[in-house]
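The structure appears right after this line, and notes come after that.
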Amino acid sequence: MTIDQLLVYFFGACALLGGVLMLVARHPMRVALALISCMLSLAGIYAMLGVHVVAVFQVLIYVGAVMVFMVYVIMLLDVRDPSFVRRYSRMLLPGVVLGALLAGALGISAIRLGAPAIQPGAGAAPSYLVQPFSVEFLREYWLHFELTSVLLVAAVVAAIAIIRSGRRSDG
Amino acid sequence: MADTQLLLGLSFVLFALGLVGVMVRRNALVMLMCMELMLNAVILALVTFSLETATLSGAVLVFLIFVVAAAEIAIAIPIVLLLSRQRSSLDVEGYDRLQG
């Protein structure tokens with residue numbers, strides 16, 4: 001067992017721990033910090049697997065943009081909210097049962113998959129470097145790339161519309 | 001042996017944890033964060049499949065998921081802020097106006 005495999009195990013355990021902590025933490029700020037640690041561990045897994053582009057953008061976009069925004073909103077809102085104290089809703093028991101069933105079914109399908117093993121670090125094929133990745137992205141998937149710009153414009157317009165309608169209902 | 005099955009299993013468990021979090025927690029922001037956890041699990045599965053098949057399609061899809069996550073947050077956060085301003089609460093059990 002090499003140090004690469006040990007690191008993948010370590011990051012996987014950290015991601016799992018972060019996911020479990022998200023369910024049991026009481027304050028949303030602690031949930032956000034658990035999610036950030038989970039995302040950073042996943043970025044570590046991607047880096048150990050050789051997919052450095054995804055690892056870098058996981059840190060930049062998810063942790064750097066999305067979660068910073070989320071932490072900012074948590075600080076903006078009132079901390080004396082009753083939902084900050086009572087963690088779970090009435091769906092606690094069915095939710096846990098359904099989640100366990102889903103994890104079990106997916107796990108059985110993963111075991112029955114019987115896939116060939118991939119070696120961490122051996123995935124550092126040249127196709128995962130930035131240049132071939134970008135060439136492939138813009139040559140094969142240029143339509144999807146342009147469609148994402150439409151999606152982002154729609155999101156911006158929708159966010160502005162939501163804010164404006166909220167102001168109108170206020171006064 | 002950090003094989004495909006292990007990474008896929010981790011992805012499935014993270015997805016199930018996110019789903020349980022969406023169903024179980026009361027706070028709207030925490031539910032949003034659990035949705036992000038589900039998206040992260042999907043990204044891990046995509047990267048694993050992309051490595052196994054030695055193609056770039058999975059990694060390209062990961063970038064599209066990044067865009068979807070950014071757009072989701074950009075829309076969901078104003079909605080949550082408006083809801084909390086109306087009811088001065090983030091408890092989703094208080095929002096039962098649509099219940100028949």
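The values are calculated or read from the model by the stated rules, or taken from the named source; none is laboratory data. As the structure is a computational prediction, the values presented were derived from the model and not from experiment. Note that we place each Cβ from the backbone using ideal geometry, even for glycine, and neighbour counts take in every protein chain shown. Note: areas computed on protein heavy atoms with side chains; ligands, DNA, RNA excluded. Shrake-Rupley method; radii C 1.70, N 1.55, O 1.52, S 1.80 Å.
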For chain B, longest principal axis from Cα atoms; helix B:57-87 axis from its Cα atoms; angle between them, nearest 10 degrees, is 10 degrees
If every Lys and Arg gets +1 and every Asp and Glu gets -1 at its Cβ, then about the Cα centre chain B yields a dipole, in debye to the nearest 20, of 380 debye
The Cα radius of gyration of the stretch B:4-93, divided by 2.2 N^0.38 Å with N its residue count, comes to 1.28
The answer for the stretch B:31-91, accessible area per residue at 1.4 Å probe in Å², is 33 Å²
Rounded to whole Å², per residue accessible area for chain A with a 1.4 Å probe reads 59 Å²
Rh (Kirkwood, all Cα-Cα pairs) for the protein assembly as shown, Å, reads 19.7 Å
Here the membrane-span-like helices of chain A, with no claim about any membrane, defined by DSSP H, Cα axial extent at least 27 Å and mean Kyte-Doolittle at least -1.0, are A:3-24, A:28-49, A:92-113, A:142-170
A 1.4 Å probe over the protein heavy atoms gives the protein assembly as shown a carbon and sulfur accessible-area percentage of 72 percent
Result for interface chain A to chain B, accessible surface buried in total, 1.4 Å probe, Å² to 100, stands at 6900 Å²
Within 10 Å of the Cβ of an average residue in B:71-81, the count of other chain Cβ atoms is 6
For the residue A:96, residue A:153 Cβ pair and Förster radius 51 Å, calculated FRET efficiency rounded to 0.05 is 0.80
Probe 1.4 Å, all chains present, heavy atoms only: residue A:150 accessible area in Å², nearest 10, is 90 Å²
With +1 at each Lys and Arg Cβ and -1 at each Asp and Glu Cβ, the charge dipole magnitude of the protein assembly as shown around its Cα centre, to the nearest 20 debye, comes out at 1000 debye
